[in-house]
Amino acid sequence: MVDSIQAVEGRHTSGLYNKQPITLVRGEGAWLWDERGRNYIDCTSGQGVANLGHGRIEIARAIAEQAQRLITCPETFFNDQRAALMEELTALTPGLERVFFCNSGTEAVEAALKFSRYSTGRKQIVATMRGFHGRTMGALSATWNKKYREPFEPLVPGFIHVPYNNLEAMQTAIGEDTAAVILEVVQGEGGVYPATPDYLLGVQALCRERGALLIIDEVQTGFGRTGRMFAYQHYDLQPDLLCVAKSLAGGLPMGAVLMGERVRALSPGLHGSTFGGNPLACAAARATLRILQREDLPAQAARKGTYFMERLRQIRSPLIREVRGLGLMVGVELKQKVAPYLSLMQERGVLALSAGLNVIRFLPPLVIREAQLDRVVETLEEVLALGPDGAEEQGQNGR
Ligand SMILES: *Cc1c(COP(=O)(O)O)cnc(C)c1O
């Protein structure tokens, strides 16, 4: 069974993914199980999707009920689930009243870029170094990592990248032809770097002063992850366009762009999506928002994130350069490559992500228990104590 599943995927995979040698078949809360019945503490949330945790009956029920009523209904017709979601979602984002629904993060970014150019009549987009915004051609043009970009050039013209958390660079970059600045409040893929409040407020002021729009990409930071419903809500910020996806629909694919007053009215046919705003995803998103609020998961993320980072900072290891993050979006930067340590943790039942070569990224479901976080800390401490040699040896044996 084991061999056959991994062999079949191995034979047919696109080859695009660095696969871990584990076959996951079931989840509950922050637990995941492989096909042999071994359990793992999940600090990946499927790349930041499962904020509510795995195996939520309420989500399953909402999906099942809606699937029996109506799955598909493009936005050319009205729909009860979509209307309700529009109301419930925009209630969480004062000042952002209009919504475009799509199916992924990159599609949300793509739409925000198009709406910005259309709205301002300007061409230039200012993005940041280490920023990640997705893989389609427009979103990729805003993404920084050369590894993702270079094989696909030429990309969309008009994009520039400036250092993150550097207001002077923004001051120079935003000009008369700047349609928008696109920013993550905490850079995720780029290495878990939170923006400073002064920087965010400064960029917002520059955008307003110079007629550019501010796109906040909360595909990863949204829906409670950082300790607020949206990360921008930690600060006195009012984005013009807010991109969300990942955990929006409790695990079903869904993305959205929320728009403020500075975004011009959009006319029929200008942009669109066949699956966007489908009743199935909308019903799942409504159940997701209900749970997020009822269980106050943003507050849980704030509390648990503080506890987790405190405990991580108590680890005595010469290998750790820095522990940083916001809420339950946490990075541990090592002085060396993290890949062998991730493998060692995996062998010990803890799944985590990397963010670049040197950063271990923890994105646990917001429902993770303190005892589970304790075990994550203990496991990290244990594998770091093995040191680089132990890690390489054991990591290789383990694979
Ligand atoms: C994951 C991510 C995206 C892309 O989302 P996809 O659904 O994979 O297309 C865009 N922006 C940020 C900040 C992300 O973390």
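The values are calculated or read from the model by the stated rules, or taken from the named source; none is laboratory data. Every value quoted in this text rests on a predicted model; they were computed, and no experiment measured them. Here the Cβ is made from the backbone with ideal geometry for all residues, glycine too, and neighbour counts use every protein chain on show. The protein model used for the area step is the full one, side chains on, heavy atoms only, and it has no ligands, DNA or RNA in it. Shrake-Rupley method; radii C 1.70, N 1.55, O 1.52, S 1.80 Å.
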task = Just name the residue that is surrounded by the fewest Cβ atoms within 10 Å (Cβ to Cβ) out of those in the stretch 273-313 that are in contact (Cβ under 8 Å) with a residue 40 or more places away in the chain and not in a helix (DSSP H, G or I).
result = Thr274
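Scan the stretch 105-126 for residues that are more than 19 Å from Met86 (Cβ to Cβ), within 11 Å of the ligand (Cβ to nearest atom) and open to solvent by less than 40 Å² (accessible area, probe 1.4 Å) and jot them down. So that I can check it myself, show each step before the final result.
Going through the stretch 105-126, the residues more than 19 Å from Met86 (Cβ to Cβ) turn out to be 105-106, 109-110, 113-114, 116-126.
Still in the list and also within 11 Å of the ligand (Cβ to nearest atom): 105-106, 109-110.
Within the stretch 105-126, Gly105, Thr106, Val109 meet the criteria.
Quick check on this structure: which one of Leu252, Leu266, Leu201, Leu270 is among the hydrophobic types (A, V, I, L, M, F, W, C) and open to solvent by less than 50 Å² (accessible area, probe 1.4 Å)? Working first, answer last.
Working: Leu266 fails: open to solvent by less than 50 Å² (accessible area, probe 1.4 Å); Leu201 fails: open to solvent by less than 50 Å² (accessible area, probe 1.4 Å); Leu270 fails: open to solvent by less than 50 Å² (accessible area, probe 1.4 Å).
Going through Leu252, Leu266, Leu201, Leu270 in turn, the sole match is Leu252.
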ask   = Which one is nearest to Pro239 (Cα to Cα), of the residues in the stretch 80-104 that are away from the ligand (no atom under 16 Å from the Cβ) and in a strand (DSSP E or B)?
value = Leu96
query = Exactly one of (1) open to solvent by 50 Å² or more (accessible area, probe 1.4 Å); (2) on the phi > 0 side of the Ramachandran plot; (3) more than 15 Å from the ligand (Cβ to nearest atom) is unmet by Arg210. Its number?
reply = (2)
ask   = Out of all the residues in the stretch 45-82, which are over 17 Å from Arg286 (Cα atoms) and hydrophobic (A, V, I, L, M, F, W, C)?
value = Phe77
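Answer with yes or no whether Ile57 is closer than 21 Å to Ile291 by Cα and open to solvent by 30 Å² or more (accessible area, probe 1.4 Å). Steps first, answer last, please.
Values: closer than 21 Å to Ile291 by Cα: yes; open to solvent by 30 Å² or more (accessible area, probe 1.4 Å): yes.
Criteria met by Ile57.
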Breaking point among (1) within 30 Å of Phe308 (Cα to Cα); (2) within 16 Å of the ligand (Cβ to nearest atom), for Gln233 = (2)
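Which members of the stretch 168-198 meet the condition of being open to solvent by 30 Å² or more (accessible area, probe 1.4 Å) and within 15 Å of the ligand (Cβ to nearest atom)? Please lay out each step first, then the result.
Our first condition is that a residue be open to solvent by 30 Å² or more (accessible area, probe 1.4 Å); within the stretch 168-198, this holds for 168, 171-172, 176-177, 189, 193-194, 196-198.
Answer for the stretch 168-198, where residues must be open to solvent by 30 Å² or more (accessible area, probe 1.4 Å) and within 15 Å of the ligand (Cβ to nearest atom): Glu189, Tyr193, Pro194.
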request  = Sort out which residues of the stretch 224-249 are open to solvent by 50 Å² or more (accessible area, probe 1.4 Å) and in contact with a His (Cβ under 9 Å, 6 or more places away or on another chain), and write them in order of number.
outcome  = Arg228
